Each structure stands twice: as structure tokens, then as C-alpha cells.
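Take a look at the structure below.
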Amino acid sequence: MIRATLLILAYAVAAGLLACGSDSKQEQAKTTVCDARSDIAKQVDSLKTLTPATVTVDAVSKSLGAISNDLTEIKDAQGDLSSDRRQQAKAATDTFTAQVKDITQELGRSVSVSTGKAELTAALQQLATSYQTTFARIDCS
């Protein structure tokens with residue numbers, strides 16, 4: 001009798017662990033996406049404070065590198081998200097990645113320093129707008 005009770009208890013614990021495992025994988029993916037989203041917001045806030053007088057290639061490159069890493073983390077976690085979150089994350093990532101690529105190309109262009117800084121500053125403001133219409137809408141609550 002005790003053996004049967006222990007066996008039933010063992011099955012119940014195993015079933016509970018299996019059920020938690022799938023939820024925790026989805027929760028981990030959500031946490032990864034939300035943490036990356038938060039860092040993207042931090043990087044975008046830092047970039048949008050730059051002016052033509054304060055913008056440097058080094059500052060922009062560091063922030064864009066961090067954003068690129070965050071986007072990779074989000075892409076890697078997407079498969080474990082719920083269907084709705086996966087669609088939101090994919091749409092946001094695709095749109096935002098295109099914007100980051102545009103800015104990266106802007107960095108590589110050879111234009112005059114004053115014109116280039118003004119154009120880059122405008123592009124960084126567009127990036128902030130792009131963040132608001134993409135990643136800021138992802139629910140992390």
C-alpha cells in the first residue's frame with residue numbers, strides 16, 4: 001500500500017515537473033525578450049540624446065552593437081514564445097532591424113562631417129520613433 005502511494009506520488013511530481021518545464025521555457029523566452037527590449041530602449045534613449053555637436057562614431061557604434069546583440073537574443077528566443085508574442089516579436093524585430101541597418105549604412109557613407117552628423121542625428125531620432133512603433137508595443141507585463 002505504501003509502495004503504491006509512493007508510486008502515485010512520484011508520477012504526480014513527475015507530471016508536475018513536465019508541465020512546469022514547458023511553461024518555464026516560455027517564461028524564460030518572455031524574460032529574454034523583455035530584458036532585450038529594455039536594453040534596446042536604454043540604447044535608443046542614449047542615442048536620441050546625441051546632437052550634431054555631441055555625436056561620435058564610437059558612441060553610435062557601441063549602442064548599435066548592443067542593439068544588434070539584443071536583436072539576436074530576441075530572434076533566438078522567438079521560437080519559445082506563445083503564438084501572439086512570437087508574431088509581435090518577429091514583426092518588431094524585422095522592422096527595427098531594417099532601421100538599424102539603415103543607420104549602420106549611414107555611418108559608413110563618406111559625407112562631409114557637418115552634413116553627416118546632422119543626417120546621423122536625424123536617423124537616430126527616426127530610430128527612436130521606430131522603437132516606439134515596434135518594441136515599445138510588446139507586452140512585458
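The values are calculated or read from the model by the stated rules, or taken from the named source; none is laboratory data. What you see is a predicted model, and the numbers here were worked out from it, not measured in a lab. Reconstructed Cβ throughout: ideal geometry from the backbone, glycine too, with neighbour counts over all protein chains shown.
A few notes on this one:
- Residue in segment 62-71 that is over 21 Å from T134 (Cβ atoms) and modelled with pLDDT of 90 or more present: yes
- Within segment 54-67, tally of residues that are crowded, with 16+ Cβ neighbours inside 10 Å and either within 15 Å of A98 (Cα to Cα) or without any contact (Cβ under 8 Å) to a residue 24 or more places away in the chain (or both): 3
- The listed residue being hydroxyl-bearing (S, T, Y) and in contact (Cβ under 8 Å) with a residue 60 or more places away in the chain, out of T51, T72: T51
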